[in-house]
Each structure stands twice: as structure tokens, then as C-alpha cells.
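Report on the following structure.
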Amino acid sequence: MQGIKSVSDKIIEYLFESHSQEEKETFKYGLTILLSTLGGYLLIMIFYSLFNVTWLALTAAVSASLIRIFSGGVHASCFRNCALTWTAVFTMLALIAHNFANQIEYMYILIWTILLIGCVIIYFYSPADIEEKPITSIEKRFKLKKLSFIIFFILILFYYILNLIGSRKQFILAGSLGMLWQLFTITPLAYKLFNRKY
């Protein structure tokens, strides 16, 4: 992560030389997150291809990432740990979806259950920030919570429609599990598990 941060700092300092230091710090943080996320996705795609579950893993990862943009969540202590955790978790979720999706008779029950759990978790815990980048504005917190709900509802609706039209259960389960993982990462239990301050 330190290497990515160093690259981000140099790029922003070069491209936004005339901007204020506060603006540059915001840009640096955003670019660091973007580059680390892209690096994580690249690592994930290489690793998942070994298990032949690339698309299922990406379905889970993208579903989680879309909610994470606004809901936040726990971060590992460094980029290496973050990448390893991401790779391990989404490989496991993809393998579960690959092996067990067709055994779930009533997928809509799972989707409605996730909707109920998700509403409760987002209401109480979103957005979940980190010690290095706290969200102090009440207005911003409210906006992020609202956007978390919107993205979550859109994903739930999307997977519910896929289930109605009889699309492949593996992808519905992978996306649902990805959402569940992201919901877990904004809870105090996740912060405790990763030994991070909530």
C-alpha cells in the first residue's frame, strides 16, 4: 500500500500542482484507493482463473464493491493483507456458489432474507469509516447512508429479477454472498476480527 500511495502522491502532485493542499490530499486518497482496488482485481482474476470460477468471483466482488463505495467498511492493515483477504474470501464465495447454487430450491427466500438483514445493518452501521479517514460531517454520513440503501436495493432487485426469469443460480448466489460479505464488513464484529478501531 505504501508503494501505491507513493505513486499516487507523485501523480497528483504533478497533475494538480496549482490546487490547494487539502484538495490534493483528497485526490491522493481517492487515487490510492482506485489503484489498490484495480491491483486487487487483477490479482483476483489471475488467482480465480486457477479454480475456474473467475466470473462467479467477479460477480461477488463487484456486488460487494458497489455497496462498499458508499457504505465503507473495515480495511486490512496493509494492501498485501487486504489483497490476500479479498482473494481468499471471494474465491471461497465463488466456490460455494459454483458447488451449491443448484441445491437451493427457493432462491427468492435467500434474496428476501438478505434484503431484511441488509436494511438493518445499513441503517445501524453505514457508513463505516476508518480511523485514518473519519467521516465527521453528519450531512455526508446521511448522504452516504442513503446512497448505500439505493445501491443495495438496486442490486437486490436485479438479482430478484434474474431469479424470476430463471437465470443461472450460480451468479445470483455469488452476487448475494458478495453483498452479505460487504454488509458484514461494516459491522463492529468485522472491525474486531481485523483488529481495527471501529
Neighbours by Cβ (under 8 Å, 6+ apart or cross-chain): first from region 170-198, farther than 13 Å from LEU155 by Cβ; second modelled with pLDDT under 95 and among the basic types (Lys, Arg):
THR185/ARG68; TYR191/LYS197; TYR198/LYS192
Hey, could you check region 72-89 for residues that are within 30 Å of PHE142 (Cβ to Cβ) and hydrophobic (A, V, I, L, M, F, W, C) and say which is surrounded by the most Cβ atoms within 10 Å (Cβ to Cβ)?
VAL74
Quick one: how many residues across region 148-174 are assigned to a helix (DSSP H, G or I) and open to solvent by less than 50 Å² (accessible area, probe 1.4 Å)?
13
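Matching residues to (1) more than 24 Å from LEU193 (Cβ to Cβ); (2) free of Cβ contacts under 8 Å to residues at least 12 places away in the same chain; (3) part of a helix (DSSP H, G or I); (4) charged (D, E, K, R):
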| residue | (1), (2), (3), (4) |
| --- | --- |
| HIS19 | yes, yes, no, no |
| LYS24 | yes, no, yes, yes |
| GLY39 | no, no, yes, no |
| PHE47 | no, no, yes, no |
| LEU50 | yes, yes, yes, no |
| TRP55 | yes, no, yes, no |
| SER65 | no, no, yes, no |
| ALA83 | no, no, yes, no |
What's the number of the condition ILE69 fails, among (1) open to solvent by less than 60 Å² (accessible area, probe 1.4 Å); (2) closer than 15 Å to TRP181 by Cα?
(1)
Might you let me know whether region 140-150 holds any residue that is of a type in the set (A, V, I, L, M) and over 18 Å from ILE69 (Cβ atoms)?
no
State all residues of region 115-132 that are under 17 Å from the mean Cα position of the chain (by Cα) and either farther than 17 Å from LEU183 by Cα or in a loop (DSSP other than H, G, I, E, B) (or both); if no residue qualifies, say none.
SER126, PRO127, ASP129
Consider ALA190 carefully, then state whether it is out of contact with any Phe, Trp or Tyr (no Cβ under 7 Å at 6 or more places or on another chain), open to solvent by less than 40 Å² (accessible area, probe 1.4 Å) and in a helix (DSSP H, G or I).
no
What number of residues within region 121-168 are more than 19 Å from SER63 (Cβ to Cβ) and β-branched (Val, Ile, Thr)?
4
Identify, from the list GLU132, GLU105, the residue that is modelled with pLDDT under 95 and over 30 Å from THR54 (Cβ atoms).
GLU132
Is there a residue being within 25 Å of THR32 (Cα to Cα), among the β-branched types (Val, Ile, Thr), open to solvent by less than 50 Å² (accessible area, probe 1.4 Å) and modelled with pLDDT under 95 anywhere in region 136-146?
no
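The values are calculated or read from the model by the stated rules, or taken from the named source; none is laboratory data. Model, not experiment: these values are computed from the prediction. Cβ coordinates were reconstructed from backbone atoms using ideal geometry, including for glycine residues, and neighbour counts include every protein chain displayed. Please note that ligands, DNA and RNA were not included when accessible areas were found on the heavy atoms of the full protein model with its side chains. Shrake-Rupley method; radii C 1.70, N 1.55, O 1.52, S 1.80 Å.
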